[in-house]
1. Counting only protein heavy atoms, probe 1.4 Å: which residues of the stretch A:175-194 lose 40 Å² or more of accessible surface in the full assembly compared with their chain by itself?
2. In what sequence, largest accessible area first, do A:M356, A:M412 appear using a 1.4 Å probe?
3. Hey, what's the Cα Rg ratio for the stretch B:94-190 versus the globular rule of thumb, 2.2 N^0.38 Å?
4. What percentage of the solvent-accessible surface of the stretch B:93-193, computed with a 1.4 Å probe over protein heavy atoms, is contributed by carbon and sulfur atoms?
5. If you wrap the stretch B:281-328's Cα atoms in a convex hull and average its projection over all directions, what's the area in nm²?
6. To the nearest 10 degrees, how steep is helix B:166-178 against the longest Cα principal axis of chain B, on a 0 to 90 scale?
7. What accessible surface, in Å², does a 1.4 Å probe find on A:K222, ignoring ligands, DNA and RNA and rounding to the nearest 10?
8. For the stretch A:7-100, take every pair of Cα atoms, bin their distances at 5 Å starting from 0, and report each bin as a whole percent.
Amino acid sequence: MDIASEVLQLFLQPENFLAIALGVVIGVVVGSIPGLTATMAVALALPFTFSMEPVAAILLLVGIYKGGMYGGSITAILIRTPGSPASACTLLDGYPMAQQGHAKKALKMALYSSVIADFISNIALIFFAAYLAKIALNFGAPEFFWLICFSLTIIISLASGSMIKGLLAALCGLLLSLVGLDEVYGSQRLTFGNYNLMDSISFIPLLIGLFAIPEIIEFYRKKALPHIKAKASGASVTLAEMKRSLKTIIRGSLIGVIIGAIPGTGATAAAFISYSDARRRSPNKANFGKGEVEGVAASESGNNGVAGATMIPLLSLGIPGDVITAIILGAFMVHGLTPGPVMFQENLPLIYALFMGIMFSSLVLLAVGNGAIKYFSLIADIPKEILFPIVLMFCVYGAYAVNNDTFDVWLMLGFGVLGYVFNRAAIPAAPFLIGFILGPMFEDNLRRSLLIGGNDLSIFVRGPITWFFIALTLGSILLALYRYFAARHQSARSDTTQETP
Amino acid sequence: MTSLWKTACLAACSGGLALAVSVSTAQADEWPTDDVRLVVPYAPGGTTDVLSRRVADLLQEELDTNVVVENRPGAGSTVATGRLARGGRDADHTILMASPGHTIGAAIYPDLAYDPVEDFVFLQNLIDIPNVMVVPADSPYDSVEEFVEAAKQENMTFSHSGVGSSIHMSGELFKTLTETNMTAVPFAGSGAALPALLGGDVDVSFENMPTVLSHINSGDLKALAVTSAERSEHLPDVPTLSEVGDHNLDQFVTTAWFGLIAHESFPQEAQDAMREALDTVMQREEFLDFAEQLGAEPGQVAGEEFKQFIAEEVERWQDVADQADISQ
């Protein structure tokens, strides 16, 4: 009883509500501007939290984090420029939907799936933190290695159309991900002695270049695109669509929760894993990548599922899973609090107050997101000859803002040309991105496992988690092969039936 | 009469004007005449960034001008440092938060276009964070001696947060001094490295103290030694590596240091003003509290002494990098 009143006293402060609301608004705005990431916003907001009460301070940062995670999807859907790396996957279906005049539907679906995923993630944080943290600790390099292997088999299912082109794109992505410093020896790879390439290719210029620039080139090459003007950018999500996507959203959220609970993976990978899982299961497989509302749901639930879950290793183990949680850890420490098991014993009321605030932030996200959609969706109705020059300006600015470096602007333009070539040759971008994101994780964990195990291969089968992912990987490959041959058999049979009169 | 009056008036006015002008030039000469730019050679969010923003806040009160923090990440801080070394128009109002990346970077990156010692003015060492030699709680080793004896027999693994980090180089230095068998296992940052240590996948790490302090206190990790010259007040029972003495470890003193540097052309007047302001900043309670929360000690050296320290560090890491065969 005492604890309950203490918790309420800590939580029911106007300052807390203000902090959450402000945080989510800042997050959504910053997240939606390409090149400005939630990480930057959280880092910039940190000094302001020094003078605040601990609960309000943490909630402000958490609010920015959550808002930013959703905000990235807005520009991804509307102008094919992901506001943050984690929303790169959202544009695969979100932008085609906007082009077909369904911008509002895509935005609403992104919001609803984000909020639901956020909510599920919070529940996981509050009720299963201790359990998930234990799994995370058992997730070493070999377990990671097999998880990535399983995720890489996804490329097979994403290579819509031509398998050869899909694999080609994936290999391109892998090759580019090699640029930079070797993780073990520190030697340079494919940098050509250029200092700008030593930190590997920056992800944000790559994303902006790959997706936004080809649209602009295409527009000026054709001089005019048919302007689709739908009133208020189309209808909202229907109940039937929501019902259809609900399973995908829940699965995506759970994928996000698991990925988020393991330090060092990140929301971008979660979005892609959720997306490909959804595609594999969906009856509308063929429509993925062409404007499937379920695709948007899968991607957004995947990346937002991560947001609450990254707090699991932070609060229960004191381990920050990504840069943002590292900053939040800093904020805890500035207030004399050290996240970890001890905090649950010493500052229980404070943790419960934080949990209440984090739950409340999901509701705020829903309200703020709805407001944002109302105004942002008007962007879809701006004539392209006015919109595209502004988008181009944002592309240049966004690429520059990441490292304050003009090199990244050139990089972005270079990837723009590559993206245009991809478009013209009908090479899918999704496998390219998966290769680029998962490739380094694959290599790092393979080499890390070998270093830890002293080159003894038995480390790769050391426990139930590895066995589980080995089974999934093999299953995934066998299923793909079975489907491939079944489809060939089918088409061969239908060919013969057609030939017989 | 009138003309005399006029002349007198004119003389008085021009005198006053001259006085006003001289006063205003005196004011204009007083550094800073513009905003001060504090360059952070890493991305937002890391220790360097957080520290810089805190210092910038306090510094702008002392200097009575804006102190603008600018992140210029790249190639382990050498991109921003190289840019500072080139000087330029606002070099007299630009300062940079240097850290072990400055000296280690100089040792492991080839063809740096600058000299890490001679091209800069060293203003003030702000804080030092000791590293701690930690092993998992269920590790069979309870002291540095036991660990070294075992590491001479069998191969040990140590985790670090990336090639060229102070954590990595501390491990390599330990390996070189004790002549033991150790394999470096790289992770992307301390956050990713810690679970491997907690879960027992690696045998030891030389982590920054703030990262592991709570785990040491909760009993999840065992601290065998600290790497600073003096014992840390956070871990008074843990010996320093130099106390151990054997296995050449008396030479093992290293901390993650953070300090402000500027271009070599940074005016003497500006150096004096900065040093005065930093002296005050470092005595302020906000700063001391902040350092305490980071598990850091306030820095000890400034000016020439700081420069001397940097020169020794560069030489030392060069040796370690050569022996460990790390070069980029």
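The values are calculated or read from the model by the stated rules, or taken from the named source; none is laboratory data. Computed from a prediction, not measured in an experiment: that's the story for all the values here. All Cβ positions, glycine included, derive from the backbone under ideal geometry; neighbour counts span all protein chains shown. Side chains included, ligands, DNA and RNA excluded: accessible areas come from the protein's heavy atoms. Shrake-Rupley method; radii C 1.70, N 1.55, O 1.52, S 1.80 Å.
1. A:E183, A:G186
2. Largest to smallest exposure gives the sequence A:M356, A:M412.
3. After normalising by residue count via 2.2 N^0.38 Å, the value is 1.32.
4. C and S atoms contribute 44 percent here.
5. 5.0
6. So the inclination is approximately 50 degrees.
7. 110
8. Result, from short to long distances: 3, 17, 22, 18, 14, 10, 8, 5, 3, 1, 0 percent.
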